[in-house]
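Colleague: One structure follows; several queries about it will come next.
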Protein chains: 2
Amino acid sequence: MLESCQFMKQDAKGKEMTESVRARLSDSLVTATNAEKAIANYMLANLNGLPFETSATLAAKVGVSEPTVGRFCRSLGYARFKDLKADLRDNIGDRPWLVGDRLKEFRERNLEGDMLARSLDLEIAALVRIYEIAHTKEWKRAVKRLATMPKVFAAGFQTERGMAQYFANQLQYLRPDVSLADVAGGNFHEILMAPPKSACLVLFEARRYSQLALSLAREARKAKIPITLITDAFCDWGHDLADEMFVVPTEFDMFWESTAQMASLGNLLLNSIFNELGVSVEKRMNNVSELHGRFTGYVGE
Amino acid sequence: MLESCQFMKQDAKGKEMTESVRARLSDSLVTATNAEKAIANYMLANLNGLPFETSATLAAKVGVSEPTVGRFCRSLGYARFKDLKADLRDNIGDRPWLVGDRLKEFRERNLEGDMLARSLDLEIAALVRIYEIAHTKEWKRAVKRLATMPKVFAAGFQTERGMAQYFANQLQYLRPDVSLADVAGGNFHEILMAPPKSACLVLFEARRYSQLALSLAREARKAKIPITLITDAFCDWGHDLADEMFVVPTEFDMFWESTAQMASLGNLLLNSIFNELGVSVEKRMNNVSELHGRFTGYVGE
DNA sequence: GCTATAATGTTAGAAAGCTGTCAATTTATG
DNA sequence: CATAAATTGACAGCTTTCTAACATTATAGC
């Protein structure tokens, strides 16, 4: 699990560790030799195809020898071509965007093998993917259901329990009749015995620590309760049982692997539900707040 | 250049030779065995990441043996995993793998008035700022304390209650003696009466809906309990009472304003604590998990 | 509960990919 | 045009990736 050590890229000269593949290639064009220029140009023109290449295929296409490709990669600061590919995978790159300067600055400030800088890249990459999910029709369907269904249950076990709890808690501010499905009773009758077409379920699941989610999903399916599953890439039963399955990116840099991404996705889901419900929510929130104040003796500002 | 020969796929049964990778994988789910389903699901969830994988890495991630991956690819009509990748290239080969490009695409939608696109930019900006916070010495001090103090309490009220709950829940996996401070008892004696120098408090607070946090902070201060405060820019008492104050960026695009950012910051804090504690945590997690299994009748994989 | 069959893992060896050494070629410089 | 330096390719050996044969485990039928 925790063996990864990709933060110390082997760069003899200790130069820019944080530049993107694209930037390195562009930079190299200035000083590169003929063969190297050919390789760099090909790579730049085919960045999207690179992951499919290997030193050999690339050498053949560009018309240079295999070792030259390897050497060129070294001159860019990678140990081998494979490492260049790996970097391609999640590096956000150096394109100018809203926060570009700030991000660049942050990266520059942390030159030598900063775990956080790398981690930040991964998180941004994950965020982009999560937002892409929010554009699918499954997403819209789930949002609509979660906004309109009379009852909503959220469930998650072990490491995902906190997530489910959080989600249920926040959703309660947006709409009534939300609860956390609890294993406390030993069964899940409150969900499974709900009247037909009255309830739906949001299930948080991640591999490794619990299979309760699977059996709950099975039973819910039997009871014809729609399931929105938020999981990682290792779930092998989601396609069969869930109505929508949102797969969060799984990274191996953070201890919590996908939990952070689940939180982001959960928040985005809540936000979408809010948009679906419209401003009436604001009123509800004030009511809830007022109630809270009445019982604790405190009021909002 | 013209060497590709993907039209004569070796398919014993002579079935559909033209289907896309995705379609084949989906089809296979119907008849697949357990191991195969696991592979197919992982592939479907990670189509974008596949080009970077190799049989071995894939097998490791999915939890099957290398030959099983190869055999599965054959059952789909490819000679080997590499051929499946090659096919992928033709089908979605010109889709951007680079997260940066996808982000660019997303941002272009921003100009067309896509709310999500704007929101993504704000979230990325916020994320960068949160990572900046993680570089301060206050952060390190808080992390150290949260890793070593005998008891840790987390608290949050109203909209931040879920956050505190989540944080406490996750932290329990990392270390013992973590609890959520609850308003249920009407006072907070479990925190405030803790022996000197034995407890610390993580407080989530955001403007508007509760002032309980303020009075709890006051009392904790009196009792000499160190406070780590996570809040938004509107908190005007944090500097007086808290030992560390982490201010998450507040945006006005999302309904939840700063809650999403709090979740990110909380996750980052958990991750830092994990790093501080070291790998011993892994053991603890397995123990907790095993206990869970003993009581629910389920075990991890 | 036993046997036959299918599914999956293990091991070992073949194939492909990568790098180091050294020789051939090109380029730079006088 | 000659020579030195840099660049590049060819080949060999090492590593990784993949496959084929066999062993083991799970599943289904009786």
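Colleague: Please work out the average accessible area per residue across the range B:62-195, using the 1.4 Å probe convention, and give it in Å².
Modeller: 42
Colleague: Sorting check: for B:280-288, A:217-225, B:32-40, which peptide has the highest mean count of neighbouring beta carbons within 10 Å, and how do the rest follow?
Modeller: Top of the packing list down: B:32-40, A:217-225, B:280-288.
Colleague: Still on this model: Kirkwood hydrodynamic radius for the range B:201-245: how many Å is it when counted over pairs of different Cα atoms?
Modeller: Over the range B:201-245, the inverse of the mean reciprocal pair distance is 10.2 Å.
Colleague: Something else now. Under a crude label model (7 Å from the Cα following the beta-carbon direction), how far is B:LEU111 from A:ARG141 in nanometres?
Modeller: 3.4
Colleague: Could you list, in their original order, any pairs among A:LYS144/B:LYS61; A:LYS61/B:LYS104; B:LYS137/B:LYS283 whose Cα atoms are separated by more than 32 Å?
Modeller: A:LYS144/B:LYS61
Colleague: Take peptides B:76-87, A:167-178 and line them up by average Cβ neighbours within 10 Å, highest first, as a rough protection proxy.
Modeller: Packing proxy ranking, top to bottom: A:167-178, B:76-87.
Colleague: Kindly compute the accessible surface that chains A and B hide from a 1.4 Å probe when together, both sides summed, and give it to the nearest 100 Å².
Modeller: Its buried surface, counting both partners, is about 8700 Å².
Colleague: Got the B:TRP237 label distances to the other copies yet, label 7 Å along Cα→Cβ, in nm, shortest first?
Modeller: Counterpart label points of B:TRP237 in the remaining copies fall at 4.8 nm.
Colleague: What are the distances, in nm and sorted shortest first, from the label point of B:THR148 to the label points of the same position in each other copy, with each label point placed 7 Å from Cα along the Cα-to-Cβ direction?
Modeller: The answer, with the shortest distance listed first, is 5.7 nm.
Colleague: Suppose you put the label 7 Å out from Cα in the Cβ direction; list, shortest first and in nm with one decimal, how far B:PRO196 is from each other copy's label.
Modeller: Going from nearest to farthest copy, the values are 6.8 nm.
Colleague: Here is a follow-up. What is the diffusion coefficient of the range A:131-296 in µm²/s, taking the Kirkwood radius over Cα pairs and the Stokes-Einstein relation at 25 °C with a viscosity of 0.890 mPa s?
Modeller: 151
Colleague: Counting only residues 5 or more places away or on other chains, whose amide H sits under 5 Å from the amide H of B:ILE230 once H atoms are built in the peptide plane?
Modeller: It is B:LEU203, B:PHE204, B:GLU205, B:PHE246, by chain and number.
The values are calculated or read from the model by the stated rules, or taken from the named source; none is laboratory data. Please read these numbers as outputs of a predicted model, since none were measured by experiment. We place every Cβ from the backbone using ideal geometry, glycine too, and count neighbours over all the protein chains shown. Ligands, DNA and RNA are stripped out before the accessible areas are found, and what is left, the full protein with its side chains, is counted by its heavy atoms. Shrake-Rupley method; radii C 1.70, N 1.55, O 1.52, S 1.80 Å.
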